[in-house]
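S.K.: Here it is, the structure, as structure tokens.
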Amino acid sequence: MKPIPVWMDCDTGTDDAVAIMLAHRLEGIDLKAVSAVCGNTTQQNAYLNTHRICRLMGGRYPVYRGAERPLMKPLHTAAEVHGENGLGDVELPLPEDLATPPEPAWDALYACAKSMPGELRLVPTGPLTNVAIAFIKHPDLPTLLHSVTFMGGSAGPGNVTPAAEFNFYTDPHAAELVLKSGAKLTMCGLDVTLQAYFTPEQLDALAASGTRAGRFVHDCNQRAWKALHKIGQPGFCMHDSCPVMFLAHPELFEGEMAGVAVETRAELTAGKSVTDLYSDKQFPFKNVFVLLKVDRTRFIEILTECILSIG
Ligand code: RIB
Ligand code: CA
């Protein structure tokens with residue numbers, strides 16, 4: 001099967017970092033570039049962290065700078081989970097030469113999509129700010145892309161407020177624009193990503209593997225574990241690896257087409273993704289394929305193999 005061309009847009013925090021490693025090593029995925037967006041951490045940190053991960057995994061990919069703040073809201077990062085530097089406060093060296101491209105993420109993404117009409121799979125794993133700017137500036141981009149498979153939203157409860165998931169909460173206006181864009185959308189919301197977790201024992205085994213990549217994935221998640229353990233989560237959710245894994249192994253997942261919208265005005269429910277999955281009142285549109293289940297055992301097996309193969 002011809003490898004799938006993929007562009008990742010990341011707020012490179014700890015689980016984004018693992019997702020980039022997965023995209024680098026997963027058979028069937030041809031990672032074209034990574035763009036940085038603010039979210040878990042500042043855009044500058046996300047940009048530099050992406051370079052750090054490329055150096056760690058021995059991959060050289062173009063890394064583009066993106067939005068430094070959400071479309072309308074002020075930026076609130078997630079340092080309590082991802083640390084001040086975005087990588088769980090684990091220090092990684094930068095490559096000697098960053099070779100920073102002059103064009104911003106939204107223009108570089110458009111140029112890449114135009115070079116392969118209908119082929120490029122966009123995988124946002126942070127707030128959708130860069131994607132929204134790209135769609136505003138280049139109105140033909142949603143249909144030039146093959147699809148947008150994003151980590152964000154939740155048909156159920158949120159993880160930042162009782163209603164909203166972090167990526168949608170951070171930039172609900174960008175999420176609204178993307179949901180209404182007409183692009184072919186697949187949503188990897190908390191409904192499925194909370195199932196995609198490493199147990200502490202599995203993470204310890206990565207550290208014990210003697211590989212730098214395994215040790216990093218263990219160490220960068222230790223800070224998050226303190227927060228997650230307290231709220232009773234069974235392990236370390238690899239939220240951002242879900243969209244990458246879905247593209248190469250859709251057989252591991254189950255989902256349904258649904259109408260999905262996002263709240264942008266209310267205070268209590270700002271960022272809430274509203275779906276008609278569980279309602280007898282249906283939206284007059286079915287705009288998103290919503291993933292609901294994943295074979296966790298196989299997911300973790302493949303992800304572990306990819307991480308350890310980096311060395
Ligand atoms: O809600 C989880 C999402 O928010 C993940 O993408 C994580 O990296 C944070 O950005
Ligand atoms: Ca993320």
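S.K.: Inside segment 87-128, can you point out the residues that are touching a strand residue (DSSP E or B) at 6+ places or on another chain (Cβ under 6 Å) and among the hydroxyl-bearing types (Ser, Thr, Tyr)?
M.R.: The one that is touching a strand residue (DSSP E or B) at 6+ places or on another chain (Cβ under 6 Å) and among the hydroxyl-bearing types (Ser, Thr, Tyr): THR125.
S.K.: If ASP171 satisfies all but one of (1) closer than 19 Å to PHE299 by Cβ; (2) crowded, with 22+ Cβ neighbours inside 10 Å; (3) within 13 Å of ligand 1 (Cβ to nearest atom), what's the number of the condition it fails?
M.R.: Against the list (1) closer than 19 Å to PHE299 by Cβ; (2) crowded, with 22+ Cβ neighbours inside 10 Å; (3) within 13 Å of ligand 1 (Cβ to nearest atom), ASP171 comes up short only on (1).
S.K.: Which ones in segment 186-221 are closer than 24 Å to GLY156 by Cα and away from ligand 1 (no atom under 16 Å from the Cβ)?
M.R.: If the condition is that a residue be closer than 24 Å to GLY156 by Cα and away from ligand 1 (no atom under 16 Å from the Cβ), then THR199 is the only one that fits.
S.K.: Go through THR193, THR186, THR129, THR161 for me and flag whichever is surrounded by fewer than 20 Cβ atoms within 10 Å (Cβ to Cβ) and either of a type in the set (Ser, Thr, Tyr) or under 15 Å from the mean Cα position of the chain (by Cα) (or both).
M.R.: Sole residue among the options that is surrounded by fewer than 20 Cβ atoms within 10 Å (Cβ to Cβ) and either of a type in the set (Ser, Thr, Tyr) or under 15 Å from the mean Cα position of the chain (by Cα) (or both): THR161.
S.K.: Now, a different point. Say whether the condition of being touching a Gly at 6+ places or on another chain (Cβ under 9 Å) and among the hydrophobic types (A, V, I, L, M, F, W, C) is met by at least one residue in segment 61-69.
M.R.: no
S.K.: When you look at ASP15, is it within 16 Å of ligand 1 (Cβ to nearest atom), of a type in the set (D, E, K, R) and closer than 26 Å to ALA132 by Cβ, yes or no?
M.R.: So ASP15 fits the description; yes.
S.K.: Additional query: Among the listed residues ALA17, ALA78, which satisfies the condition of being under 17 Å from MET151 (Cβ atoms) and surrounded by fewer than 24 Cβ atoms within 10 Å (Cβ to Cβ)?
M.R.: ALA78
S.K.: Out of all the residues in segment 31-56, which are within 13 Å of ligand 2 (Cβ to nearest atom), of a type in the set (A, V, I, L, M) and not in a helix (DSSP H, G or I)?
M.R.: VAL34, ALA36, VAL37
S.K.: Taking helices (runs of 4 or more DSSP H) that do not extend beyond segment 127-212, which have at least 1 residues that are within 24 Å of ALA266 (Cβ to Cβ) and not aliphatic (A, V, I, L, M)?
M.R.: 129-137, 166-170, 172-179, 190-193
S.K.: In this structure, is THR199 in contact with a Pro (Cβ under 9 Å, 6 or more places away or on another chain) and without any contact (Cβ under 8 Å) to a residue 60 or more places away in the chain?
M.R.: In short, yes.
S.K.: Just the residues that are away from ligand 2 (no atom under 16 Å from the Cβ) and hydrophobic (A, V, I, L, M, F, W, C), please, taken from segment 1-30.
M.R.: MET1, ILE4, LEU26, ILE29
S.K.: Can you find, within segment 275-297, the residue that is surrounded by the most Cβ atoms within 10 Å (Cβ to Cβ) among those that are in a loop (DSSP other than H, G, I, E, B) and among the basic types (Lys, Arg)?
M.R.: LYS286
S.K.: I've got another one for you. Out of all the residues in segment 150-157, is one or more surrounded by fewer than 21 Cβ atoms within 10 Å (Cβ to Cβ), within 29 Å of CYS237 (Cα to Cα), within 13 Å of ligand 1 (Cβ to nearest atom) and of a type in the set (Gly, Ala, Ser)?
M.R.: Yes.
S.K.: In segment 239-274, how many residues are farther than 30 Å from HIS24 by Cβ, surrounded by fewer than 22 Cβ atoms within 10 Å (Cβ to Cβ) and not small (Gly, Ala, Ser)?
M.R.: 9
Just so you know, all these numbers are worked out from the coordinates, no wet-lab data involved. Remember, it's a predicted structure, so these values are computed and weren't measured experimentally. Cβ atoms come from the backbone with ideal geometry, glycine included; neighbour counts cover every protein chain shown.
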